[in-house]
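To start, the structure itself, in C-alpha cells.
The values are calculated or read from the model by the stated rules, or taken from the named source; none is laboratory data. Just so we're clear, the structure is a prediction, and the values are computed from it rather than from any experiment. All Cβ positions, even for glycine, are placed from backbone atoms using ideal geometry, and neighbour counts span all protein chains on display.
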Amino acid sequence: MNTRNKIFLDKFIAKPLGIILNVFVRILGKILRIDHDLDKEFKTIAISKFKGLGSILQSTPMIDAIRKRYPNAEIIYVSTKSNEGLLNKINWIDTVIVVDDSSLWRFLVSNISALWKLIKKRPEIYFDLEIYSDYSTLFTTFTLSKNRVGFYLRSSSFRMGIYTQMMFFNPRVPISKVYLQLSKLIDCDVEAASFFDFPKHEDAYKISDKPYIVINPNASDLRLERRWEMHKFIEIIKLILKKYPNFDVVLIGGKDEAKYTTEIYESIDSNSLINSAGKTTLNQLIEIIQQAALLVTNDTGPMHIAFCTKIPVVCLFGPCAPEQYGTNERAFIVYRRLYCSPCVHDFEIAPCKGDNQCMKLIETLEVFETVVKALDSQNKEMKIMHTDLILSTKEKIFGKIER
C-alpha cells in the first residue's frame, strides 16, 4: 500500500472504529473490574512500533532497560515486515511479530495472524510507541493485553479508556527518553540504559578498499520534506571528492530510492563515486555504514543506524527538531531553526506542502565545513586511541609509565 492509502485507512476507518470500540472497552472494564496494577514481576512484555526504522532504533534503550529489569521475561516486538530484518538483529528481543503492509490483502490477512499470535502469547503489558497512528490504537485493543500503555495527545482523546495507562507525549524531549519514560512505569532503571550497538564482523561486506564517506540523499516517503535538495548533494559530493582525493564516496538508498540516487550518481563523473542504492541488503547497509569514516544524511533511518555504529554523522535537520531525534555524541547537526520548524509534531501534511524552506536555506558551504570538522574530530580521536594503544602496550612490557 502507498502512503496515501495508509493515511486514508488510519483516519477514516481506524479512528471511527476506535471511537466506537472505546465505549465497549470502558463498559467491559467496569464489568470485569480488571486489576491494572503495574507493581508486579512481568513475564511477557510486548512493544509495538510499526513505522520508522529510526524510531525503532531509538527505542533500543527502552528495550535494554526492560531486559535488565526483567531478565527472564519474554520481550515481544511488533512491527511491519519491512523492519523484521532489523529487529531480528537486536538480540535483546526474544520474539518478532510482523504485519505485512505491502498490499491491502496481505495487510488484512497478516493483521489477523499477528493478533492471533499475540493473543496466544498473552502479553501482560503492551507498549504502543506510535504517537499519531489510530490504526495502532485499534491493533493494541485487539491484542487483549491486560495492560495497554500509549501516548496521550489532545487530538486523540478517544484513546483514553482504550489504553489502561497513558503518558503525555512531550515533543521537546529526545525520543529515546520519551520511550524510556514509559519503561519507568514498570520500575526500570533508565539511567543505565544504552543504545543497541551493532556487532562488527571480520567477514563484513566490503564495498571499497579505500577509506570512504557515505552519503544518504534520501528521506522516507512519509516525510519527503526532510530531504535536502538534489543539486546541493551533488555540490557537496564534488567538494568532498576534491578535498579528500584518497577517499571514495558511497551513495546509499533503498530500492524505492534507487532512481533518485542514481540521478545524483550520473551527474558526477568520478571513479571514486560508488552507487549502492537498491543493491544491498539491510545487513550489508549496516556494514557499509559501520566501516565508513563519516555519514552525511538527511534525518532518516540510516542516521539512526550510524548512531548505533558509533561513527560521526553530519545530520541535516529541518521539519524535525534535532533536540528530539538528533541527540547523539557523534552527531554534527546542521539546522535552520525557522519559525515554522519543527512542524512534524503538529501537522500530518506540512503547511509548506513540500516547499521546505527549512531545508532549502541550508547552504552547501556550511554542510561542507561541518563535514571537514567531523572528519578532523574523527582523526583526532583515532590518534588518541592509537597513542593510548601504544602506551598500553609499553606498560604491559615495561611496567607503568608516568604520564
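Taking the stretch 151-178, which residues are part of a loop (DSSP other than H, G, I, E, B) and either surrounded by 12 or more Cβ atoms within 10 Å (Cβ to Cβ) or outside the structural domain of Leu57 (by TED's automatic domain parsing) (or both)?
Selection gives Leu153, Gly161, Ile162, Thr164, Phe169, Asn170, Pro171, Val173, Pro174.
Condition first: over 19 Å from Leu144 (Cβ atoms) and among the polar types (S, T, N, Q). Now tell me which residues in the stretch 88-132 satisfy that.
Within the stretch 88-132, Asn88, Asn91, Ser102, Ser103 qualify.
In the stretch 217-252, how many residues are at pLDDT below 95 and in a helix (DSSP H, G or I)?
Residues in the stretch 217-252 being at pLDDT below 95 and in a helix (DSSP H, G or I): 6 in total.
Here is a list: Gln324, Gln357. Which entry is more than 30 Å from Asn283 (Cα to Cα), outside the structural domain of Asn170 (by TED's automatic domain parsing) and surrounded by fewer than 24 Cβ atoms within 10 Å (Cβ to Cβ)?
Residue meeting the stated conditions: Gln357.
Could you list, ordered by first residue, the pairs with Cβ atoms under 8 Å in which the first is in the stretch 361-379 and farther than 13 Å from Cys315 by Cα and the second is at pLDDT below 95 and not β-branched (Val, Ile, Thr), at least 6 apart or interchain?
From residues that are farther than 13 Å from Cys315 by Cα, the pairs are Leu361/Arg336; Leu361/Leu338.
Out of all the residues in the stretch 199-221, which are farther than 16 Å from Ser55 by Cα, of a type in the set (A, V, I, L, M, F, W, C) and buried (at least 16 other Cβ atoms within 10 Å of the Cβ)?
Ile207, Ile213, Val214, Ile215
Do any helices (runs of 4 or more DSSP H) entirely within the stretch 39-95 hold 2 or more residues that are touching a residue at least 12 places away in the same chain (Cβ under 8 Å) and crowded, with 23+ Cβ neighbours inside 10 Å, and if so, which?
Of the helices (runs of 4 or more DSSP H) lying wholly inside the stretch 39-95, those with at least 2 residues that are touching a residue at least 12 places away in the same chain (Cβ under 8 Å) and crowded, with 23+ Cβ neighbours inside 10 Å span 53-58, 60-69.
Of everything in the stretch 294-309, what is within 20 Å of His201 (Cα to Cα), buried (at least 24 other Cβ atoms within 10 Å of the Cβ) and β-branched (Val, Ile, Thr)? Give them in sequence order.
Ile305
Tell me yes or no: at least one residue of the stretch 199-216 is part of a loop (DSSP other than H, G, I, E, B), touching a Leu at 6+ places or on another chain (Cβ under 8 Å) and not assigned by TED's automatic domain parsing to the domain that holds Ile349.
No.
Using beta carbons and a limit of 6 Å, which pairs, at least six apart or on different chains, have the first residue in the stretch 110-133 and assigned to a helix (DSSP H, G or I) and the second one crowded, with 19+ Cβ neighbours inside 10 Å and among the β-branched types (Val, Ile, Thr)?
Here the result reads Ser110/Val99; Asn111/Val99; Ala114/Ile97; Ala114/Val99; Lys117/Ile97; Leu118/Thr143; Lys121/Thr44, each pair linking the stretch 110-133 to a residue that is crowded, with 19+ Cβ neighbours inside 10 Å and among the β-branched types (Val, Ile, Thr).
Only one of Leu241, Leu282 is within 30 Å of Ile175 (Cβ to Cβ), in contact (Cβ under 8 Å) with a residue 24 or more places away in the chain and assigned by TED's automatic domain parsing to the domain that holds Asn328; which?
Leu282
Show the residue pairs that are 6+ apart or on different chains and have beta-carbon atoms under 7 Å apart, the first residue being within the stretch 179-196 and assigned to a loop (DSSP other than H, G, I, E, B), the second being buried (at least 18 other Cβ atoms within 10 Å of the Cβ) and β-branched (Val, Ile, Thr).
From the stretch 179-196, the pairs are Cys188/Ile66; Phe195/Thr60; Phe196/Thr60; Phe196/Ile90.
Would you confirm, using the coordinates I've provided, whether Ser276 is more than 30 Å from Asp346 (Cβ to Cβ), polar (S, T, N, Q) and touching a helix residue (DSSP H, G or I) at 6+ places or on another chain (Cβ under 6 Å)?
Judged against the criteria, Ser276 is not a match.
If you take the residues of the stretch 270-321 that are polar (S, T, N, Q) and in a strand (DSSP E or B), which of them is farthest from Ser377 (Cα to Cα)?
Restricting to residues being polar (S, T, N, Q) and in a strand (DSSP E or B), the top hit is Asn275.
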